[in-house]
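Read-outs: derived from the displayed coordinates by stated rules, not from any lab. Because the structure is a prediction, the values reported are computed rather than measured. Positions of Cβ are generated from backbone atoms using ideal geometry, with glycine treated the same way; all protein chains shown enter the neighbour counts.
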Amino acid sequence: MQRPPALPRLIIFSTLFGIAFGPLLTGCGGSEAPEKTTPPPPRLLPRPPETSAPPAFPGAITAADLTLGPVDKAMAQKGATTYNVKCQSCHTLTDKRVVGPGWKGIIAKRSPEWIMNMTVHTDAMLSVDTAAQKMLEECLVRMPNQNLSVQEAREVLELMRSI
């Protein structure tokens, strides 16, 4: 009896060997785990020295810019509309904090111009105002810029004054 030629037998053997053990060999890579990257901790803003002067930055709203009389109910109603669209997900009309502080009683804690500046110029306030920086440390979430106009912020202030 004649033996089959060696070359076809070698090809068949190599193919069967590759099919049987190929997946095992490719799955046996190094045992090193993929490198886990952890995000760096959030950087806190440097604290400026304590000062009693109002925040100084371009466009800052001062007490002289505001004339407050009795609560304007029409403005407060417009402020409520703005609140429902842009503020409600983070703030409540009670004293309870959700993401940001609740608004009830905020007028007793903060001046109207401070509230207006925090609403309109959030980034500037967080960079220069120690009270704003302290709130950021407590709340751990930076208030996003809602692009409120000065008029919208004034209407929101009236809402805050009405609660």
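Overview of values
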item	result
Sites residue 88 and residue 19 - FRET efficiency at Förster radius 45 Å, r taken between beta-carbons, to 0.05	0.15
Cβ-placed point charges (K, R +1; D, E -1), dipole of the stretch 71-157 about Cα centre in debye, nearest 20	260
Qualifying lysines (Cα of each under 24 Å from Cα of residue 86; at least 8 residues distant if same chain)	73, 78, 96, 104, 109, 134
